[in-house]
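The values are calculated or read from the model by the stated rules, or taken from the named source; none is laboratory data. A quick note: this is a predicted structure, and the numbers were derived from the prediction, not measured. Cβ atoms come from the backbone with ideal geometry, glycine included; neighbour counts cover every protein chain shown. Just so you know, the surface numbers come from the protein's heavy atoms only, side chains and all, with ligands and any DNA or RNA stripped out. Shrake-Rupley method; radii C 1.70, N 1.55, O 1.52, S 1.80 Å.
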Amino acid sequence: MIVVTGASGLLGAALVRSLRDRGEQVVTLVRRAPRSPDERFWQPAEGVLDPQALEGARSVVHLAGAPIAERRWTEVYKRELVRSRVDSTRTLVGALRELPRRPEVLVSASGVDFYGDTGDRLVDEGAGRGEGFLAGLCERWETEAREAEALGMRAAQLRTGIVLSGRGGALARMLPLFRMGLGAPLGTGRQYWSWISEDDWVGATLHVLANPGISGPVNLVSPSPVTNAEFTRTLGKALRKGTMPMPVPGFALRAGLGEFAGELLSSHRLVPRKLEDSGYGFAHTGLDAALRAVL
Ligand SMILES: NC(=O)c1ccc[n+]([C@@H]2O[C@H](COP(=O)([O-])OP(=O)(O)OC[C@H]3O[C@@H](n4cnc5c(N)ncnc54)[C@H](OP(=O)(O)O)[C@@H]3O)[C@@H](O)[C@H]2O)c1
């Protein structure tokens, strides 16, 4: 049995679908009254989780967290972003501690934002923490998740890049403008975007779950990051639409989106070292093919 948190989200729903298709029993932790025998109640930020909900689990996948890109980052919302990730992880590990027989692994979400702005430098899991709010959040989130190691469990943190999905997330937010031919590079357009197709995100997560040799941070990104300008061109072509020649200036993005704009302008040029070294075979290594598959 596998327990999943954040199961109603973009990635959680895709993972749960795939696990159930493979015949796995999946139990999801929900923040409302359970509606099926496969659901268990928890209040992640308040420390409420009956350890019995996790009994018999072989693995736990923790994806819950308040949405990063959907609201302006006021100080209040930043606290919510942190609480929903760091406190929820503490709640989960606290319940795992109470179990007489614990699952083998806690796989938990994190982001490429851990590395901050890496410029043109190629970065693997050995690189240190960067600057910025999300880098600090990822570090606290991962530190909390690694507490599972003290319980004798394997712990892996998925440093996920931009997941390309037709159902939601960053790509779905970009599509309306691109479909009108209004897509444009952001800032200089020279910042790298490390992306991964939804299929590969699910495939790589299953790979991490199944491989006892994989632990610690794992970059969930394709092996071919592209600059934002190239991403813009490729998405325009995949939609058979032109794109705007003029970039959206950084100051305009900051005025419109606030502090979150910094994340769109930051460069993440990542190498999926642990996935490659452990033999994961990507379904999509080129952006063009990945976008065509998703769209
Ligand atoms: N998608 C990406 O490109 C991407 C990239 C990097 C990192 N990540 C990280 O990967 C995780 C999953 O991503 P996703 O795209 O599936 O996110 P998502 O669609 O926003 O789903 C996250 C889920 O977390 C739960 N949640 C929402 N607000 C919460 C709160 N205040 N407290 C506790 N739980 C809350 C919800 O599930 P329930 O209602 O079922 O509890 C929600 O469906 C997130 O932590 C995200 O930060 C995603």
What residues qualify as long-range amide H neighbours of THR160, i.e. H under 5 Å apart, gap of 5 or more or another chain, H built at 1.01 Å from N? SER110, GLY111, VAL112, LEU220
Counting only DSSP loop positions in the range 225-267, the trypsin sites (Lys or Arg not before Pro) whose Cβ has at most 12 other Cβ atoms within 10 Å are ARG240
Rel. contact order, % - alpha carbon contacts under 8 angstrom, at least six apart, the chain: 18 percent
Considering only ALA210, ALA155, ALA229, give the residue with the highest GNM mean-square fluctuation for the chain, with springs between Cα atoms whenever their separation is below 10 Å. ALA210
Specify whether the C-alpha gyration tensor of the chain places it in the rounded, prolate or oblate class, a ≥ b ≥ c being the square roots of the eigenvalues: rounded for a/c under 1.5, otherwise prolate if a/b is larger than b/c and oblate if not. prolate
Inter-part gap, Cα centre of the range 129-207 to Cα centre of the range 63-93, in whole angstrom, is 15 Å
Run the accessible area of the range 2-294 with a 1.4 Å probe and give the carbon-and-sulfur part as a rounded percent. 50 percent
If you rank GLU149, GLU98 by how much accessible surface each has, with a 1.4 Å probe, what is the order from largest down? GLU98, GLU149
Round to the nearest 0.05 the FRET efficiency obtained for ARG190 and ARG101 when R0 = 45 Å and r is the Cβ-Cβ distance. 0.30
Suppose the chain between ARG273 and ARG79 were pulled fully straight at 0.36 nm per residue; how much longer would it get relative to their current alpha carbon spacing? 66.6 nm
Choice from GLY216, GLY281, GLY94 with maximal GNM fluctuation in the chain (Cα, 10 Å cutoff): GLY281
Under a no-solvent Debye model with one identical scatterer per Cα of the range 118-254, what's log10 I(q)/I(0) at q = 0.10 Å⁻¹? -0.42
